[in-house]
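Beneath this line is the structure, given in structure tokens, with notes to follow.
Each reported figure results from applying straightforward, stated rules to the coordinates on display, with no laboratory input. As the structure is a prediction and not an experimental result, all values here were calculated from the model. Cβ placement follows ideal geometry from the backbone for every residue including glycine, while neighbour counts extend to all protein chains displayed.
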Amino acid sequence: MTELAWISNAISTARPQAMGALLRYFRDLDAAEEAFQDACLRALKNWPKNGPPRDPAAWLIFVGRNSGIDAVRKRSKQAPLPEEDQISDLEDAESDIAERLDGAHYRDDILRLLFICCHPDLPATQQIAVALRIVSGITVKQIARAFLVGESAMEQRITRAKARIADAGVPFETPGAVERSERLAAVAAMVYLIFNEGYSTNSGEAPARAPLCEEAIRLARLLLRLFQTEPEIMGLTALLLLQHARAPARFDENGEIVLLEDQDRSLWSRKMIDEGLALVDKALRHQKPGPYQVQAAIAALHARAEKPEDTDWTEIDLLYSLLEQMQPSPVVTLNRAVAVAKVRGPEAALAMIEPLEQRLSGYFHFFGLKGGLLMQLGRGEEARVAFDRAIALANTAAEAAHIRMHIDRLMKEGAAKAAAKTAR
Amino acid sequence: MLYAILCYASEDVVCSWSKEQDDEVMANLLNVQEKYATAGRLGPVARLLPTTAATTLRKVKGESVVIDGPFAETKEQFLGFYTLECADLDEAVEFARELSEVNPSGGSYEIRPVSVFNPSTAAA
């Protein structure tokens, strides 16, 4: 690795902590970002000459804060009235470096930084974009590529989102226990959204979007480091690792989706699976189940099955029923039906999903599964209708292609049956 | 004498390497080990999963309690180890130096003589 690569690595690793602390000092996102940028520029000049600091985050906070204070002083000289209130605490600014690195502070700093991105007025995609920009420091260009939009459109989106966050005001007070756990839940949900944004993709886009999955895992690990005893954060991290472990096997060489059952399991990342399984084991010891843990436990059962036929579908069915109770949603029931089909047959599964049709009338996977179940039951005509609906609702070309394959098979079977009839 | 070379570095930094960067570092480290392995001097080598995957068992008032993680508020974490048969400390230091030269994480290697060694039969 080159020196520059090392420096940029150290800076991006230190970023959440440094930005979080600078936001606490300046109580203003733009001021914090400016100060951080300045500190980074100085790091690029200083670190190659003097060697890397022992604690890059502390260095960036110290330098960033001084440069931020300078900037405020300069501005206040030009302004008719001093604007001391732009700095959170002048006394604080002169205190000793050791205090600045108070461990208890920095946990809330990072949480606050992530939490302001989850502003409920912001649509999910804007929350994600702004978190990637502010917390992860990913360039607008890279974010735009991951979201498959133009750079200027993304720039605008982020600027607008930041303005809204600024209007809302930074929740500056140190949170109480309840508040802290609410913030943590909101932030965990956002990390999960980031992952899904990267995960729901087709093969052509996969290389551009995979960084979103990796960034989500990085953020989940960061949260887990801050909240080491939270079983739901263990569950979230495990879930992301176990799902991402399958990434190398999700598409074939033609870019077609490969279903879980048909994936080459030797391509799954063993390292990610091991880490995910270790985290699931740890979480379950707490006996405080939650939705992320249950989903991680389901993913763990898939990961533990060496061959698809080794999958413990009975246990998966049970876990989904638990998830249904925790987080009732037609999509969860739909997923459960896949396990039910394996355990109790397609008829039981079909009975389970039929009542959902109205609520999932715009959902690709509903009609894909319905078609598949009908096909298994030998009801080809109805299956065909469901598959047609699925194609109309497909989000990606790969999804549509996958359904078309089923239809082709139905057509062939139909033709074979017709041929058999004529022959008789 | 058998030496253990214990690796400490910032997990944050090491975890932020891309797969390509990580592969490159691992290949370079393997390169260093090769001649020691050929000479029959290299013992078991392990890289550990992040400390977030760790569990600690501690005796509190005579009772074993299982807690999450190592809880160390340190900047560097214990990430893995090597074992190497060395004639003297200088050889062990030389090995650690070679490792550190190809390892960009900027961490440290603690060199500790091994007192009891029980080669395991389990393969990772």
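What FRET efficiency would be calculated for the residue pair A:Ser152, A:Lys45, taking the C-beta separation as r and a Förster radius of 41 Å, to the nearest 0.05?
Details: r = 31 Å, r/R0 = 0.75.
So, using R0 = 41 Å, E works out to roughly 0.85.
Between A:Val258, A:Val340, A:Val135, which gets the highest mean-square fluctuation from a Gaussian network model of chain A, Cα cutoff 10 Å?
Top of the fluctuation ranking is A:Val258.
Note down the nm distance, to one decimal, between modelled labels 7 Å out along Cα→Cβ at A:Asp30 and at A:Met411.
5.9 nm
Fully extended, how many nm does the chain gain between A:Lys141 and A:Asp312 (0.36 nm per residue separation, minus their Cα-Cα distance)? Show your work: numbers first, answer last.
On the way: separation 171, 0.36 × 171 = 61.56 nm, distance 4.34 nm.
Taking 0.36 nm per residue and subtracting the Cα distance, the gain is 57.2 nm.
Let's test the formula: R0 of 22 Å, r as the Cβ-Cβ distance of B:Thr56 and A:Lys271. What FRET efficiency results, to the nearest 0.05?
My answer for the efficiency is 0.50.
Using the Kirkwood radius over C-alpha pairs as Rh, can you work out the diffusion coefficient of the stretch B:80-124 via Stokes-Einstein at 10 °C, viscosity 1.306 mPa s, in µm² per second? Numbers along the way, then the final one.
Working: Rh = 12.3 Å.
The calculation lands on 129 µm²/s.
Please report, in debye to the nearest 20, how large the charge dipole of the stretch A:104-227 is about its Cα centre when each Lys and Arg carries +1 at its beta carbon and each Asp and Glu carries -1 there.
Working: 15 positive and 13 negative charges, 42 e Å.
Approximately 200 debye in magnitude.
When every alpha-carbon pair in the stretch A:374-424 is counted, what percent end up more than 16 Å apart?
Numbers: 561 of 1275 pairs.
Summing the P(r) of the stretch A:374-424 above 16 Å gives 44 percent of all pairs.
Please report, in whole Å, how far the alpha carbons of the protein assembly as shown spread along each principal axis, starting with the longest.
The Cα atoms of the protein assembly as shown stretch 92, 74, 50 Å along the principal axes, largest first.
A:Lys288: which aspartates and glutamates have alpha carbons under 18 Å from its alpha carbon, excluding same-chain residues fewer than 8 sequence positions away?
Straight-line reach from A:Lys288, under 18 Å: A:Glu182, A:Glu230, A:Glu232, A:Glu324, B:Asp68.
What are the lysines whose alpha-carbon lies under 22 Å from the alpha-carbon of A:Lys162, with same-chain residues fewer than 8 places away excluded?
Partners within reach: A:Lys141.
In nm, to one decimal, how far is the A:Asp167 label point from the B:Asn118 one, both placed 7 Å along Cα→Cβ?
It works out to 6.7 nm between the two label points.
Give me the inter-chain shielding for B:50-58: mean count of other chain Cβ atoms within 10 Å, whole number please.
On the way: counts 7, 3, 14, 14, 3, 4, 0, 0, 0.
Per residue, the number of nearby Cβ atoms from other chains is 5 on average.
Looking at chain A as a GNM with Cα springs under 10 Å, which of A:Glu347, A:Glu215, A:Glu256 has the largest mean-square fluctuation?
Looking only at A:Glu347, A:Glu215, A:Glu256, the biggest GNM fluctuation is shown by A:Glu347.
Could you tell me how many degrees, from 0 to 90 and to the nearest 10, lie between the Cα long axis of helix B:89-102 and the main elongation axis, the longest principal axis, of the Cα atoms of chain B?
Compared with the principal axis, the helix lies near 90 degrees.
Report the per residue volume, in Å³, of the convex hull enclosing the C-alpha atoms of the stretch A:104-227.
Once divided by residue count, the hull of the stretch A:104-227 is 92 Å³.
Could you tell me how many degrees, from 0 to 90 and to the nearest 10, lie between the Cα long axis of helix B:19-38 and the main elongation axis, the longest principal axis, of the Cα atoms of chain B?
The two axes meet at around 60 degrees.
So if each residue of separation counts as 0.36 nm, and I subtract the Cα-Cα distance between A:Ser321 and A:Val385, what length gain in nm does that give? Can you show the working numbers first?
Details: separation 64, 0.36 × 64 = 23.04 nm, distance 2.89 nm.
Between A:Ser321 and A:Val385, full extension yields an extra 20.1 nm.
Given 4 °C and 1.567 mPa s, compute D for the stretch A:309-371 with the Stokes-Einstein relation, Rh being the Kirkwood radius over Cα pairs; round to the nearest whole µm²/s.
Numbers: Rh = 11.7 Å.
My calculation gives 110 µm²/s for D.
Taking R0 as 56 Å, what FRET efficiency do you get between B:Arg97 and A:Arg344 from their Cβ-Cβ distance, rounded to the nearest 0.05?
Working: r = 63 Å, r/R0 = 1.13.
After rounding, the FRET efficiency stands at 0.35.
On average, how many beta carbons from a partner chain sit within 10 Å of the beta carbon of a residue in B:8-20? Before the final figure, lay out the partial values.
Working: counts 0, 0, 7, 3, 13, 8, 2, 6, 11, 4, 4, 3, 0.
Partner Cβ neighbours, averaged per residue: 5.
For the cross-link pairs A:Lys282/A:Lys342; B:Lys35/B:Lys59; A:Lys282/B:Lys19, which exceed 32 Å when the distance is taken from alpha carbon to alpha carbon?
Beyond 32 Å between Cα atoms: B:Lys35/B:Lys59.
For chain A, what is the calculated [θ] at 222 nm in deg cm²/dmol (nearest 500), taking -39500 (n - 2.57) for each run of four or more DSSP H residues and dividing by its residue count?
On the way: 20 runs with 306 residues, N = 424.
Dividing the helical sum by the residues of chain A leaves -23500 deg cm²/dmol.
Have a look at A:Leu410, A:Leu369, A:Leu241 and tell me which one the Gaussian network model of chain A (Cα, springs below 10 Å) gives the largest fluctuation.
Fluctuation is largest for A:Leu410.
Which of the GluC sites (Glu not before Pro) across the stretch B:24-124 are loop residues per DSSP, with 16 or fewer other Cβ within 10 Å?
On the way: sites: B:Glu24, B:Glu34, B:Glu63, B:Glu73, B:Glu76, B:Glu85, B:Glu91, B:Glu94, B:Glu98, B:Glu101, B:Glu110; in loops: B:Glu73, B:Glu76.
Filter output for the stretch B:24-124: B:Glu73.
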